[in-house]
Amino acid sequence: MEKGEESVRKIAKSHRIRARWARELYRRYVERGEYPYPREAWRKKRRIEEIEIKKVIEKKEEHVLAGANVIEKML
């Protein structure tokens, strides 16, 4: 971006991000003088308790044809 060799859209597309986000990252880089490493976008994983696993298995055995969404609603 600094050199102006490629457009913001091309840079964003190559990194699979939106052009607006690319501009924001560049703005942070100019302000702070260091590369802005964004945090991970997904949620932190939650450990599934043994009790929860047993409940799901029991419901699945009771209702063999039920899918994940139906079992979730039952719980």
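Since every read-out is calculated from the coordinates, none of them should be taken as a lab result. These numbers were taken from a predicted model, which means no experiment stands behind them.
Taking every DSSP helix (H) stretch of at least 4 residues in the chain, weighting each as -39,500 (n - 2.57) and dividing the sum by the residue count yields a mean residue ellipticity at 222 nm of -16000 deg cm²/dmol. Shown for the chain: lysine pairs separated by 8 or more places, or found on different chains, whose C-alpha atoms are under 19 Å apart, numbering 5.
Using a cutoff of 8 angstrom between alpha carbon atoms and counting only pairs six or more residues apart, the relative contact order for the chain works out to 14 percent.
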